[in-house]
Every structure is written in structure tokens, then in C-alpha cells.
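The values are calculated or read from the model by the stated rules, or taken from the named source; none is laboratory data. Note that the structure is predicted; figures quoted are calculated from it, not measured. Ideal geometry is used to build each Cβ from the backbone, glycine not excepted, and the neighbour counts take in all protein chains shown.
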Amino acid sequence: MIEAHDLTKRYGDKTAVHGISFTVRPGTVTGFLGPNGAGKSTTMRMIVGLDEPTSGRVTVNGKRYAEHRTPLREVGALLEAKAVHPGRSARAHLAVMAATHHISPKRVGEVIEMTGLSTVANKRVGGFSLGMGQRLGIASALLADPQTLILDEPVNGLDPDGVQWVRNLVRQLAAEGRTVFLSSHLMSEMAQTADHLLVIGKGRIITSGPVQEVIDGVLGTTVRVRSPQAADLAPLLQAAGGTITSPEPGALEVRGLTGELIGNTALDHHIALHELATQQASLEAAYMALTQDAVEYRSETAPPETSPEPIHSGASR
């Protein structure tokens, strides 16, 4: 378990992390999301003692990282895959790490096999591709079979097969009761991998909770309706508490009402329906809405698309 209490980190006049508190629990994959510069990497570095908090405290399994006698057996971390001597082979790098914690050479072979490095294990790391470097970083994190895994952008540079492998790996580790804390900018992948989310922006926690709860809390569920009598149905649904937009003639997008209620309302008023489909909002859309005011490094974007025309209760047919 990872527990942070009022964690703050300042670099000169800049405060990178502002008094954040959170808990990452075992048996769960917790996704750590936020724009570039939001404080994710700083937070992860403080967890493993690479940065000292200005104030506050963060512990892993009840102790500060530096207080653990054998920290690699407690926490496995991938923060910078290239933090390896380029002249060493993957096997030699892992063997040196193993020697510091009295880890059997057999385990070195196991993680090499587990991470798909067998064919390159004796090659110099300096010649590795980005994806192979990521696999070595994950192998290093798994070397001591720790109960807590901290992975910063673990799928960066991996091909689709590698991405799926990481997804299955972290799910398996969580199922074994381990604590898994990972960051990624791939929202579609995070939606498939994480159970719980922690979203940070400008050094502050924006929201946290189970993935679907976070999405629904921001965007809710949208029900798409098509009907030749859409203009008659819209005010009835508004009166029932729905928020209605019309993306095209004869179609409605409804928020705040269930498909069942919409269908019953149409039936009660003898309105024909040609489509009634519940559409779950995406994590990407929820993330963009959550962090729109927390982006420090924003690129120039294309002009926004025209918003769907709102339907007003007084609209005429």
C-alpha cells in the first residue's frame, strides 16, 4: 500500500506538488493521470526517495522507502528506462541489481524470460530499441518479486503485442494482491487496464475513484434517440429532467435520463422510436474535460467543432 499525507514539493519558487493526500491499495491497478508538468513524475520520485518532500510524508507498506532494509523486495519501480549503463548487457545489469539484495541468479533468468528479453539478454543495452529498454525496466522492477509496483509510462515504445502483455501483466499482479501504481498518456489503454484513477493537475488532486465513476461523474451517460417525432419528444424529456441536444434532424442525445425512462415516455405519448442506444462516455473525453484548466504546455489546436444545436422546450416543429 502507498499512502501520501499532505505531500508537497517545491523547487525554488515553483511548487510542483501541493499538499496532496491519497492511498493506493493492494489488489488494485491504480492509474495516475495528468498533463505534462502536472506533478506525476515528482510524486513517483518522492515515493521511492529520489526526491525529498518539502513537507508531508509518503510511505510504502507503512514505512518511508529509505526505512526498508531491502527496498527492492518491497517496491519495484520503472521511472526512467534509460537509467542503465549502456555498455552493460541486460543480463549483467540485472545480475548487479540482484547481488545488492542477495537475489538468486535463477531469478534473473526468470525475469528475462518473463519480459521477452531472452534473445537480447547478452547484448549491450546501449543498442536497445525504446521498446526493449522498457522491457528491461519492467524486468528490473519485477526482479525482487516486490509487493508494490510503480510504473511510469510502462507501454511507451512498445508494439501492440507488448502493450497487451503489459496490460495482462499488471492485471495479473493486482489479482495476486499486489499494489500496482502506473501512469500513462494512453487513455484507451488506461481504460482497459486500471480499476481506480487518480487525476492530478498543476500539482493538485483533481479527482479520484473507480474508472467508470470518474467518467460518469464528469460526463454522465448519453442516450441516443432517433424518432420521426423527435421535436415532440424533446420537451417531454426536458420536463423529466434530461439535458437534450440534437446532433442532426430526427436525432436526440439525452443526458440525465435512463434509456428505460426515455422508452417509457415515448410509449406513453405514442411516439415512435427508431433507435434507443445508451452510449458510455470515453475516459479520454472525461480526462480532457477534467484537465482542461490544468494544462501548462498547450499546443495550438484546430478551431473547435460546431456544438450540437440545443433543443429548447419551446421549439416549434
Subject >> Residue match in segment 142-152 (condition: charged (D, E, K, R), under 30 Å from Met1 (Cβ atoms) and surrounded by fewer than 24 Cβ atoms within 10 Å (Cβ to Cβ)) >> reply: yes
**OP:** Could you please give the count of residues in segment 219-272 that are part of a helix (DSSP H, G or I) and acidic (Asp, Glu)?
**Re:** 3
Original post:
In segment 29-47, which residues are of a type in the set (S, T, N, Q) and within 22 Å of Asn168 (Cα to Cα)?
Top reply: Thr30
Original post:
Which ones in segment 20-49 are touching a residue at least 40 places away in the same chain (Cβ under 8 Å) and in a strand (DSSP E or B)?
Top reply: Ile20, Ser21, Phe22, Val24, Thr28, Val29, Thr30, Gly31, Phe32, Leu33
Subject >> Flag if Thr243 is closer than 23 Å to Gln279 by Cα, outside the structural domain of Ser129 (by TED's automatic domain parsing), surrounded by fewer than 16 Cβ atoms within 10 Å (Cβ to Cβ) and among the β-branched types (Val, Ile, Thr) >> reply: yes
Original post:
Any idea which of Ser183, Ser227, Ser188 is in the same structural domain as Met114 (by TED's automatic domain parsing), touching a residue at least 40 places away in the same chain (Cβ under 8 Å) and crowded, with 17+ Cβ neighbours inside 10 Å?
Top reply: Ser183
Original post:
Which residues, taken from segment 57-84, are surrounded by fewer than 17 Cβ atoms within 10 Å (Cβ to Cβ), assigned to a strand (DSSP E or B) and in contact (Cβ under 8 Å) with a residue 24 or more places away in the chain?
Top reply: Arg57, Thr59
Original post:
Quick one: in segment 105-128, which of the residues that are of a type in the set (Ser, Thr, Tyr) and over 13 Å from Leu142 (Cα atoms) is surrounded by the fewest Cβ atoms within 10 Å (Cβ to Cβ)?
Top reply: Thr119
Original post:
Looking at segment 282-302, is at least one residue assigned by TED's automatic domain parsing to the domain that holds Leu7, in a loop (DSSP other than H, G, I, E, B) and within 24 Å of Arg167 (Cβ to Cβ)?
Top reply: no
Original post:
From the set of residues in segment 168-180 that are of a type in the set (Gly, Ala, Ser) and in a helix (DSSP H, G or I), which is surrounded by the fewest Cβ atoms within 10 Å (Cβ to Cβ)?
Top reply: Ala175
Original post:
Restricting attention to segment 85-92, does a residue exist that is in the same structural domain as Ala141 (by TED's automatic domain parsing), in contact (Cβ under 8 Å) with a residue 24 or more places away in the chain and in contact with a His (Cβ under 6 Å, 6 or more places away or on another chain)?
Top reply: no
